[in-house]
Every structure is written in C-alpha cells, then in structure tokens.
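Colleague: Below are the structure tokens for one structure; questions will follow.
What follows draws every value from the coordinates through simple rules; no lab data is involved. Just so you know, these numbers come straight off a predicted model, no measurement behind them. Every residue, glycine as well, gets a Cβ built from its backbone with ideal geometry; the counts of neighbours run over all protein chains shown.
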Amino acid sequence: MSTLKSLARLTTLFLSFSAPSTVLAGTCDDGTGESLSIQLHPAPGKALMQTPYRASIKVSGGPVHQVEIDTGSAAIILPKTLIGPDATLLSSGQSYGYVSSGNGYLGDWMLAKVEVALDQSKGGPATATSSEPIPVFGVTHTCKGKPTPERTNCTALDEKPGHLGMMGIGYRPFTVTGQTARALPSTNLFMNLGRQTPGYVITSRSIQVGLNRENTQGFKTLPLVASANGQLAPRTCIRYATEEGKTKELCGASLLMDTGINHFYLTMPAKYCPAKSLDGRAPKGAGFTLSAPDSKNPVLAFSFKVGDPASSPMLPEYVNCVTEPGTPSTPPSSDSFHVNTGRTVLAGMDYLYRASDDPACHVIGFRPATAR
C-alpha cells in the first residue's frame, strides 16, 4: 500500500464545524488546592502505559477490587456481588455496554460510596472516599454484544468476580437509566473526591486528581464542543490514505484520548475509511497525521506509520475503522466522524481534563511529556 508521502493528490473535507482557537490553561485559575495521586497497578514487567491503568476501589464497604481506569466512558461497573450492603438500589434489570469492545452487560444501578486507594510513596492518606454516594453499575450478566430483549446472548456471573471492573472518568454527560426525579451526583468518581478544582492530569507514570497551578503548568487546551446529539468533544483534523488511493484530510471530527484501548480507532461512513488490509485494519506502512484542533495552531499533533516504531513514540498497536451505515449529509456532519487515539498518546504527551460550568474553562489539554 502507498504511504501518505508517495501520494500526490490531496482531498480535504471540512466538516460542518469551525475549529475554535485554543485556550491556555492559565486563563482559568486552578487555585492552590492539593491533588490526590491514585495508586496504580501496572502488569508485572510492563510499563504502566503498555497495559490498562488499574486502581483499587471498595464500594459501600465491599471487598477491594481492581478496576480499569477509562477516559472513554463515565461510570463504574463491577460485579454486583462486590458492592457492599450499604448501597441503595436505583434501578434494576438495566443494560450497559462499550462501543470499542462491543462488550455488553446486564445489572442494577446502585447508589454507593466509593473508596479509592492512593499512592503513599510520599506519605499522606491511604484512601480517598467520594464525598457523597454516586451511581455504580452492578453487573449480574455478561453479554456477547448488546443485550437482546430475549437476553439469550447473556450469561449470569458466577460467584467468582474475576477481572471484570471499569472506572469511567470521561467528560461526556451520562444519565443513569431509570434514575429518580431528584438530581443524582456525577457517575465519575474523580469528580466526587472533594478537590478544589475538579479535574485530573494523566501521564505515562501517574494520575493526579484535583487541579492546581502547579500540575497544570505547560498545558495548552482544547474546548469541548457540543455536537447535534448533545455529546461533548474536542475537534481534530486527520490525514490518511483511502481505499481509492487518495490522500484525504478530514477536519472537524470529534476526538477522544481513550486510556481504555491501545489502538487507533476511527468511526466514519464507509467511503471515508482508510485503506484496509485483509483483517480489516490499516496495512503496515500506512501513514496517519493528526492535528487538533487543526494544523495551524495544534495543541496535539503527531504522525505515524502503522507497524513502524521509529515513526513515532506514540505509535498505536494498530488502526481500525468502524463504518457508520447510510450516506452522510452534504456536507457531512461532524457527528459522523470520530477519532479515538487510544492511550499510546501518553508516551509523548500528558493529558488534562478540567471540569467547569464555564465553557471557556471546561476543556481537555495536552503538554509534551518532557515539560512536567
């Protein structure tokens, strides 16, 4: 297959979106409050970023359980048998699933206090607990794909909890199915640990919860823009080769840095997908360039060639494209195009999320890893 450098023709598609100017982190005052360092558990013999980030939690007095920290989702899920007796039932017989993996689950939404283990290498408390009970999804059945009405594709969990457990810390709004009329707290534990400025910083070695002027130094940020369906995301441009042998640049696609996966994940109408090999993934040597929000003033920018470690320290394991059915409108909507970088970006860049009611301060950010 041809790489980007060998292709002469360039097709640029600007989606229905105007790339905003970047906001420097210093524009919003993060105060001088203390942050919390989460105790992380890398796999033996592996660098932290090479495997999912994992933390230890206890839910309403239940047993300690390790969960994967996931910026691509926004709720805690774990076997219901691990949720302690102090939790309160919100709604039963609900479903929950993940797009990138296709994994689906059945279970109950519970309102529970959650305790997370902290890094004690520099002293300090051993744990931090949510300031109030938060909604947690207790899994009773695992399903092959999305649960069907008949639920014939679902299997009840046995008494052994295994490794099932996710802690979503994403910024996208999430509404608990069947919630009562009264307002519920965020499903994101990191937003409920009582920090002065809610947010977090993720590096290749650590996660700090709670922002301050010290740990936000050096970050440039991207605003979170609402799409037509209400989802929030920053925007990006991506350049790559298509099946037809053309080089295409798409600008205005939504962007996600997802600690839950180690590959580059694209969602778009079929005719825009990059060239694929027989296994449906981009072939070895295929080139990709990402610039967010655009190439004029990028906050995040890197290029790589599939399968070539020398091309970038942020090289994903592979590139996959999931097609959306139907033909996009003309011009196509930015809601139809999504770029998930996976966690390998953290090999070269640190990541920030700041939660705020002020849209100018409600942002994600990146800084070179050497800047910390």
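Colleague: Once you place label points 7 Å from the Cα toward the Cβ at ALA43 and SER131, how far apart are they in nm?
Modeller: About 3.7 nm, to one decimal.
Colleague: Please compute one quarter of the surface area of the Cα convex hull for region 44-194 and express it in square nanometres. List each step's numbers first, then the result.
Modeller: Details: hull surface 40.5 nm².
Taking a quarter of the hull surface, the average projection is 10.1 nm².
Colleague: Alpha carbon centre of region 248-277 versus region 101-123: separation in Å?
Modeller: Region 248-277 and region 101-123 have Cα centres spaced 28 Å from each other.
Colleague: Once the Cα gyration tensor of region 206-294 is diagonalised, what are the square roots of 5 times its eigenvalues, in whole Å and ordered largest first, as equivalent ellipsoid semi-axes?
Modeller: Details: eigenvalues 175, 52, 34 Å².
Semi-axes (√(5λ), whole Å): 30, 16, 13.
Colleague: Straight-line reach from LYS80: which lysines have a Cα under 20 Å away, not including same-chain ones fewer than 8 places off?
Modeller: Candidates past the 8-residue exclusion: LYS58, LYS113, LYS144, LYS146, LYS160.
Colleague: What ³J(HN,Hα) values, in whole Hz, does the Karplus curve 6.51 cos²θ - 1.76 cosθ + 1.60 give for region 121-127 when θ = phi - 60°, with x put for Gly and Pro?
Modeller: Karplus-based 3J(HN,Hα) across region 121-127 equals 4, 10, x, x, x, 7, 9 Hz.
Colleague: Ordered by residue, what ³J(HN,Hα) values in Hz, to whole numbers, does region 261-272 give under the Karplus form 6.51 cos²θ - 1.76 cosθ + 1.60, where θ = phi - 60° and Gly and Pro are x?
Modeller: Going residue by residue, I get 9, 10, 10, 8, 10, 10, 10, 6, x, 4, 6, 9 Hz, with x marking Gly and Pro.
Colleague: While we're here: In debye to the nearest 20, how big a dipole does region 216-322 give about its Cα centre with +1 on each Lys and Arg Cβ and -1 on each Asp and Glu Cβ? List each step's numbers first, then the result.
Modeller: Values: 11 positive and 8 negative charges, 43 e Å.
In total the dipole reaches around 200 debye.
Colleague: Now a separate question. Amide H of VAL225 versus every other amide H placed in the peptide plane: which residues, excluding those fewer than 5 positions away on the same chain, fall under 5 Å?
Modeller: Residues meeting the criterion, in which the H sits 1.01 Å from N, are ALA233.
Colleague: May I pose another question? Got a sec? Charge dipole of region 44-194, +1 on Cβ for Lys and Arg, -1 for Asp and Glu; which of MET191, VAL116, PRO44 is way out at the positive end?
Modeller: PRO44
Colleague: May I ask you to compute the full-extension gain from THR32 to ARG172, defined as 0.36 nm times their residue separation minus their alpha-carbon distance, rounded to one decimal in nm?
Modeller: Values: separation 140, 0.36 × 140 = 50.40 nm, distance 2.63 nm.
This chain segment gains 47.8 nm when fully extended.
Colleague: Checking the cross-link filter: which lysines have an alpha carbon closer than 19 Å to that of LYS276, excluding same-chain neighbours under 8 positions apart?
Modeller: LYS5, LYS246, LYS248, LYS284, LYS305
Colleague: Residue-wise, which Karplus ³J(HN,Hα) couplings in Hz belong to region 293-304, taking 6.51 cos²θ - 1.76 cosθ + 1.60, θ = phi - 60°, and x for glycine or proline?
Modeller: x, 7, 7, 6, 9, x, 8, 10, 8, 6, 10, 7
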